[in-house]
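The values are calculated or read from the model by the stated rules, or taken from the named source; none is laboratory data. As the structure is a prediction and not an experimental result, all values here were calculated from the model. No Cβ is skipped: glycine too gets one built from the backbone with ideal geometry, and neighbour counts run over all protein chains shown. Surface areas here come from the heavy atoms of the whole protein model, side chains and all, with no ligands, DNA or RNA. Shrake-Rupley method; radii C 1.70, N 1.55, O 1.52, S 1.80 Å.
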Amino acid sequence: MSYNISLVIPAYNEEQRLADTLKSVLQYVSEQSLDVQIIVVDDGSSDKTSEVAGSFSEVTVITLPKNMGKGAAVRAGMLAANCDYRFFSDADLSTPIYELPKLLNPLLRGIDVCVGSRALNSKMIKVHQPFYREFMGKTFNKIVQLLVVKGIKDTQCGFKGFSAQAAEKIFSNTKIDGFSFDVEAIYLAKKFGFSIEEIPVEWYNDERSKVDPIKDSIRMFKEILKIRNLHK
């Protein structure tokens with residue numbers, strides 16, 4: 001069966017990984033006969049990310065004028081998307097594309113926002129992060145639950161799905177450009193009364209992660225402290 005789906009892939013200096021990612025996505029959607037709009041948002045890369053993405057005729061490429069942050073890239077893609085169900089995925093496919101139906105099916109049932117999660121079933125983590133990254137991630141989530149939004153055990157898995165209505169309402173109001181945009185998006189989903197479902201998905205750590213465990217963690221903490229004030 002064919003569905004009207006947008007898939008947004010934010011990409012910053014992903015020249016080396018992006019071609020394999022797009023081949024995997026295109027092979028999967030072809031095998032499943034899915035109707036998918038693929039959007040790569042080049043977040044001001046200094047390498048050939050845009051050229052690699054543009055070499056695939058099935059892919060729409062959006063290029064930001066400078067490096068603005070993952071949140072800004074996802075926002076641009078989600079607001080440019082025009083399909084009934086809109087997803088974003090990390091450029092390294094840490095959550096494999098074949099996990100898409102797990103988030104699509106609840107959307108088809110009427111759920112507004114589906115959050116891929118590593119925290120609901122630890123067996124779904126097939127390749128773990130180094131212990132210090134996992135510890136920092138769990139600590140970050142505890143702070144998020146305490147200060148911003150309760151009930152979601154993993155806000156930072158880079159695989160989420162939205163109905164068109166939810167995507168447009170949420171991402172037209174997000175203001176955080178950095179990695180904490182996920183927290184802000186979930187906060188706004190709750191504020192606007194959208195239904196949310198957290199769903200366990202497979203996840204594979206890529207050791208080439210661009211997240212700096214110190215600098216980005218400090219930046220993310222500062223960002224989450226701003227969220228409530230940004231949306232009074």
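Being in a loop (DSSP other than H, G, I, E, B), touching a Ser or Thr at 6+ places or on another chain (Cβ under 8 Å) and of a type in the set (S, T, N, Q) is the filter here; which residues of segment 87-103 pass it? Residue satisfying the conditions is Thr95 alone.
Against the criterion of being acidic (Asp, Glu), within 16 Å of Ile227 (Cβ to Cβ) and out of contact with any Lys or Arg (no Cβ under 6 Å at 6 or more places or on another chain), Glu184 qualifies. Here the condition is being in contact with a Pro (Cβ under 6 Å, 6 or more places away or on another chain) and among the aliphatic types (A, V, I, L, M); of Leu93, Leu100, Leu120, Leu107, it holds for Leu120 alone. In segment 63-86, the residue that is farthest from Ala185 (Cα to Cα) out of those that are open to solvent by 40 Å² or more (accessible area, probe 1.4 Å) and in a strand (DSSP E or B) is Thr63.
Any idea which residue in segment 1-43 is modelled with the lowest pLDDT, counting only those that are assigned to a loop (DSSP other than H, G, I, E, B) and either over 19 Å from the mean Cα position of the chain (by Cα) or surrounded by fewer than 18 Cβ atoms within 10 Å (Cβ to Cβ) (or both)?
Filtering first and then ranking leaves Met1.
For Lys48, indicate whether it is modelled with pLDDT of 95 or more, more than 20 Å from the chain's Cα centre (by Cα) and not polar (S, T, N, Q). Spelling it out, Lys48 is indeed modelled with pLDDT of 95 or more, more than 20 Å from the chain's Cα centre (by Cα) and not polar (S, T, N, Q).
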